[in-house]
1. So, in Å, what gap is there between the alpha-carbon centers of the range 18-58 and the range 153-196?
2. Please check the chain for the longest run free of trypsin sites (Lys or Arg not before Pro) that are loop-located per DSSP (anything but H, G, I, E, B) and have at most 13 other Cβ atoms within 10 Å.
3. Among GLY136, GLY98, GLY55, whose mean-square fluctuation peaks in a Gaussian network model of the chain (Cα, cutoff 10 Å)?
4. With equal scatterers on the alpha carbons only and no solvent term, can you work out the Debye log10 of I(q)/I(0) for the range 33-77 at 0.21, 0.25 1/Å?
5. Quick one: the Cα spread of the range 1-130 along its three principal axes, in angstroms, biggest first?
6. Leaving ligands, DNA and RNA out of it, report the carbon-plus-sulfur percent of the accessible area of the chain at a 1.4 Å probe.
7. Report, in deg cm²/dmol and to the nearest 500, the calculated mean residue ellipticity at 222 nm for the chain, where each DSSP H run with n ≥ 4 adds -39500 (n - 2.57) and the sum is divided by the residue count.
8. Order HIS74, HIS166, HIS23, HIS157 by their accessible area, 1.4 angstrom probe, all chains in place, largest first.
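The values are calculated or read from the model by the stated rules, or taken from the named source; none is laboratory data. Keep in mind it's a predicted model, so treat the numbers as computed, not measured. All Cβ positions, even for glycine, are placed from backbone atoms using ideal geometry, and neighbour counts span all protein chains on display. When the accessible area is computed, the model is the full protein with side chains, heavy atoms only, and any ligands, DNA or RNA have been set aside. Shrake-Rupley method; radii C 1.70, N 1.55, O 1.52, S 1.80 Å.
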Amino acid sequence: MSGTGKTTVVTALINKLNAKQIHSPPEQVKALRWALRNSTELDMAYQAIGNYIGGLEVQSMLHDSPVVMDRYWHSYAALAISTAVNNYPEKYQFPPKGDKVFNWPDDLLKPDIVLLLNVDEDIRQQRLNKRRKETGGIEKPESFTKFLKKCPLFLSHMLTAYKRMHNPGVVVIDGNPTVEEVLNSIYLTVKPLIKKSRA
């Protein structure tokens, strides 16, 4: 989410690893965004298209260097689960650990590692406030921050969904310290994978 330091850390990581970066959904499908916003089902279709095209793009990029992907299947699955539980509590209950909804799709390119930056909410808000002051940004009424105030369990559901993902699961990184400390923690986590791929 905004304020976790993701963009800053990703930029520093790709420089440190001499890696390539890709966002999900990739640029090739962003033109479809507004055409597929009219329903939850269409939005899920858009996210799925982005994941699969992004996976294909990563496959070609991996021939030359490591790839750092900004969001992927875990992000959208956790969001979809949390949204369903939050919006339709009478219809959906939060899936238990081990439920097949947390399984990685068999036909989607699987990452070597998935990192989740976990930041305390008060720190996240401090970072967002600092960013707004620096950029002169004004918080919109529909912002995610205000949404969380109305739906306090949403963030907890998102985090729980992430932690229940498996094959691959997520490695939770403490995003509260400085950028340098977070980057070092991530680098030590991914370094063995880089060595293995170059062996």
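1. 22
2. 98-199
3. Looking only at GLY136, GLY98, GLY55, the largest GNM fluctuation is found for GLY136.
4. With no solvent term, the Cα-only Debye profile gives -0.73, -0.89.
5. Ordered largest first, the range 1-130 gives principal extents of 48, 38, 34 Å.
6. About 55 percent, which is the carbon plus sulfur part of the accessible surface.
7. The helix contribution divided over the chain gives -17000 deg cm²/dmol.
8. Accessible-area ranking of HIS74, HIS166, HIS23, HIS157, largest first: HIS23, HIS166, HIS157, HIS74.
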